[in-house]
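K.L.:
Before we start, here is the structure in question, set down as structure tokens.
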Amino acid sequence: MSIRPGEHAGPELGPTVRVPAHVGIIMDGNGRWAAARGLPRLEGHRRGVEALRRTVRAAIDVGVRYLTVYSFSSENWARPAQEISDLMGLLRRFIRNDLADLHRNGVRIKIIGERDGLAPDICSLLLEAEDLTRNNGGLTLIVAFNYGGRQELVMALQKIARKIAARVLTSADLTPELVAQHLETAGIPDPDLVIRTSGEQRMSNFLLWQAAYAELVFLPIHWPDFDRAAFDLALMQFAVRERRFGGVTGKTAPLTVKTAS
Ligand code: IPE
Ligand code: IPE
Ligand code: MG
């Protein structure tokens, strides 16, 4: 499979195509995009923000209801201090520059991830973005920032454990639904499609619980090159997948494996 930036996928993605309600994106490959051009990693991250803007527009255009973007993982603190500070700076700038525009377009912003450990001005910006857009009815943009799926699950279990200790709940109440209600994504449907750019094929601690039945699409391009054509290609791949959720559909022939006799 090859996708060239700027190349549109064509009219196949018509109104009849099944569009996922919730798309998650692991926006990966900014550093390699920059390195391939002899540029500093920061330039890759800057271009990554532009790709994010394009993607939000595309998601609105095609009618995706929820878009979750992985922008900083709990493990990204392992990067050099300068890069971390650059990424924090880009988040600040993104909210300052884009918040009004997102609001005008009816986007509701939700941030998931650990707030402890973030600079106070960043925490205020995150709250401002959520407060301003809380009642919007358009696309819900979920920004996973300082986010880790395992950490989120542990926090949910801690909340539940406290309720059990306080006898508000008993251990018999602990079900998958109860866990889901205590995650930061409570009330948000599970992602139908998770896209990862850069060619890496791993989850890197992204929406581990929620993506249990997500369709996964790995694209061989770096995030700064992600455009409408790449998005359409991922959506088309999703549209032809057969989702079974553990059941049977009878639409496909049983898989037969030939063994040497
Ligand atoms: C994704 O690009 C952005 C973040 C993780 C913040 P990377 O910075 O991981 O780029 P690569 O994977 O090193 O190319
Ligand atoms: C995942 O990318 C995190 C984000 C895209 C924010 P990484 O680049 O941090 O993941 P690994 O280290 O390659 O697994
Ligand atoms: Mg990476």
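K.L.:
Which of (1) touching a Leu at 6+ places or on another chain (Cβ under 7 Å); (2) at pLDDT 95 or above; (3) not in a strand (DSSP E or B) does L67 not meet, given it meets every other one?
P.N.:
So L67 meets the others, but not (3).
Residue by residue, here is whether (1) assigned to a loop (DSSP other than H, G, I, E, B); (2) of a type in the set (G, A, S) holds:
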{"site": "V19", "(1), (2)": "yes, no"}
{"site": "D28", "(1), (2)": "yes, no"}
{"site": "W33", "(1), (2)": "no, no"}
{"site": "V56", "(1), (2)": "no, no"}
{"site": "A59", "(1), (2)": "no, yes"}
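K.L.:
Among the residues of the range 120-156, how many are exposed (fewer than 13 other Cβ atoms within 10 Å of the Cβ) and over 15 Å from K110 (Cα atoms)?
P.N.:
Just the residues of the range 120-156 that are exposed (fewer than 13 other Cβ atoms within 10 Å of the Cβ), to begin with: 120-121, 124, 127, 131, 134-135, 137, 150, 154.
Still in the running and over 15 Å from K110 (Cα atoms): 120-121, 150, 154.
So the count comes out to 4.
K.L.:
Is it the case that D192 is more than 30 Å from D98 (Cβ to Cβ), charged (D, E, K, R), away from ligand 2 (no atom under 16 Å from the Cβ) and open to solvent by less than 80 Å² (accessible area, probe 1.4 Å)?
P.N.:
It is false that D192 is more than 30 Å from D98 (Cβ to Cβ), charged (D, E, K, R), away from ligand 2 (no atom under 16 Å from the Cβ) and open to solvent by less than 80 Å² (accessible area, probe 1.4 Å).
K.L.:
Let me ask another. Of L141, L132, L157, L127, which residue is among the aliphatic types (A, V, I, L, M), over 22 Å from A81 (Cβ atoms) and without any contact (Cβ under 8 Å) to a residue 24 or more places away in the chain?
P.N.:
Matching residue, one of L141, L132, L157, L127: L127.
K.L.:
Same structure, new question: Could we say that A51 is buried (at least 18 other Cβ atoms within 10 Å of the Cβ) and in contact with a Lys or Arg (Cβ under 6 Å, 6 or more places away or on another chain) here?
P.N.:
no
K.L.:
Among (1) out of contact with any strand residue (DSSP E or B) (no Cβ under 9 Å at 6 or more places or on another chain); (2) crowded, with 19+ Cβ neighbours inside 10 Å, which single condition is R57 missing?
P.N.:
All conditions pass for R57, except number (2).
K.L.:
Next question, about the same structure. Consider only pairs whose beta carbons are under 9 Å apart and that are at least six residues apart or on different chains; among these, list those whose first residue lies in the range 72-89 and is farther than 14 Å from R41 by Cβ and assigned to a helix (DSSP H, G or I) and whose second residue is modelled with pLDDT under 95 and of a type in the set (A, V, I, L, M, F, W, C).
P.N.:
Here the result reads none, with nothing in the range 72-89 linked to a residue that is modelled with pLDDT under 95 and of a type in the set (A, V, I, L, M, F, W, C).
K.L.:
So, one more: Looking only at the range 223-242, how many residues end up being open to solvent by less than 50 Å² (accessible area, probe 1.4 Å) and not in a helix (DSSP H, G or I)?
P.N.:
2
K.L.:
Let me ask another. Among the listed residues G29, G63, G106, which satisfies the condition of being within 30 Å of V17 (Cα to Cα) and within 14 Å of ligand 3 (Cβ to nearest atom)?
P.N.:
Every option except G29 fails the conditions.
K.L.:
So A260 ticks every box in (1) assigned to a loop (DSSP other than H, G, I, E, B); (2) modelled with pLDDT of 95 or more; (3) of a type in the set (A, V, I, L, M) but one. Which box is left unticked?
P.N.:
(2)
K.L.:
Report yes if some residue within the range 172-182 is small (G, A, S), part of a helix (DSSP H, G or I), surrounded by fewer than 11 Cβ atoms within 10 Å (Cβ to Cβ) and without any contact (Cβ under 8 Å) to a residue 40 or more places away in the chain; otherwise report no.
P.N.:
yes
K.L.:
Hey, among the residues in the range 186-234 that are touching a residue at least 60 places away in the same chain (Cβ under 8 Å), polar (S, T, N, Q) and over 20 Å from V19 (Cβ atoms), which one's nearest to ligand 1 (Cβ to nearest atom)?
P.N.:
My answer is S198.
K.L.:
State whether the residues of the range 122-142 include one that is modelled with pLDDT of 95 or more, within 16 Å of ligand 3 (Cβ to nearest atom) and closer than 30 Å to M236 by Cβ.
P.N.:
no
K.L.:
Scan the range 31-48 for residues that are open to solvent by less than 80 Å² (accessible area, probe 1.4 Å) and not aromatic (F, W, Y) and jot them down.
P.N.:
G31, A34, A35, G38, L39, L42, E43, G44, H45, G48, listed by residue number.
The values are calculated or read from the model by the stated rules, or taken from the named source; none is laboratory data. Please read all numbers here as calculations on a predicted model, not as lab measurements. In this analysis, Cβ positions are derived from the backbone assuming ideal geometry, glycine residues included, and neighbour counts consider all displayed protein chains. Keep in mind that these areas ignore ligands, DNA and RNA; they rest on the heavy atoms of the full protein, side chains included. Shrake-Rupley method; radii C 1.70, N 1.55, O 1.52, S 1.80 Å.
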